[in-house]
1. Could you state how much accessible area Thr128 has, in square angstrom rounded to the nearest 10, with a 1.4 Å probe and all protein chains kept in place?
2. For Met1, Met70, write out the residues from largest to smallest accessible area, computed with a 1.4 angstrom probe and no ligands counted.
3. Please state the relative contact order of region 1-95 as a whole percent: Cα pairs under 8 Å, 6+ residues apart?
4. Mind listing which GluC sites (Glu not before Pro) in region 54-140 are in a DSSP loop and have 15 or fewer other Cβ atoms within 10 Å?
5. Whole number in Å², please: accessible area per residue of the chain, 1.4 Å probe, ligands, DNA and RNA not counted.
6. Once Rh for the chain is found with the Kirkwood sum over Cα pairs, what is the Stokes-Einstein diffusion coefficient at 37 °C and 0.692 mPa s, in µm²/s?
7. Over 21 Å between C-alpha atoms is what I'm after, so list which of Lys5/Lys61; Lys61/Lys102; Lys5/Lys154 land there.
8. For region 71-121, which chymotrypsin sites (Phe, Trp or Tyr not before Pro) pass both filters: DSSP loop (anything but H, G, I, E, B) and at most 15 other C-beta atoms within 10 Å?
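The values are calculated or read from the model by the stated rules, or taken from the named source; none is laboratory data. Note that the coordinates shown come from a computational prediction; the quantities given were computed from them, not determined experimentally. Note that we place each Cβ from the backbone using ideal geometry, even for glycine, and neighbour counts take in every protein chain shown. In case anyone asks, the SASA skips ligands and DNA or RNA and just uses the protein heavy atoms, side chains included. Shrake-Rupley method; radii C 1.70, N 1.55, O 1.52, S 1.80 Å.
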Amino acid sequence: MELEKKFLYQLLDSVQVARLALINRKNLPEAMPIVFARHEDTIFSPVDGKPKRSSNLARIKNINANSNTMLLIDHYSQNWEELWWLRLVCVSEVVTDPSYTKCYQNILKKKYEQYQVTQLSNEADQSTFINFDIKSTSCWGFLGKKTLENWSAKNS
């Protein structure tokens, strides 16, 4: 099922979490939940100040080694007529340029109130983000596009 860009962006702006899938340096799949936001045609996710085992994150190394990624967004319900998923196949890059990251920080602070108190970076002088350039999309809803439209109407 194809989604027009305006509706796709409406969904992306309403959803709070996605699953990032990538290939690690051992050529094995990995997936993890991420927060994200959108600026124009770019989806981005922060490497934020939440506690991490290391500041030298594997996901950054993996994206630098293989920029092909996928974002999976879904909605589950006991009422299966409300089930839907959206898959975005992307090419990703790590971004630290302040001309982008300042804008991204402002957008994230509007979307996630937690960023009013959680730092958007573990680095005092540099923020790191992952940009996702969408190459293709696919989606499914139990009732077709109507399922996604119903969810969007309730959550926008």
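1. 30
2. Numbers: Met1 85, Met70 55 Å².
The ranking, largest first, comes out as Met1, Met70.
3. Normalised by residue count, the contact order of region 1-95 is 25 percent.
4. Passing both the DSSP loop test and the Cβ count: Glu123.
5. Dividing the accessible area of the chain by its residue count gives 59 Å².
6. Rounded to a whole number, D works out at 200 µm²/s.
7. In this structure, Lys5/Lys61; Lys61/Lys102 lie more than 21 Å apart at Cα.
8. Sparse-neighbourhood loop chymotrypsin sites (Phe, Trp or Tyr not before Pro): Tyr76.
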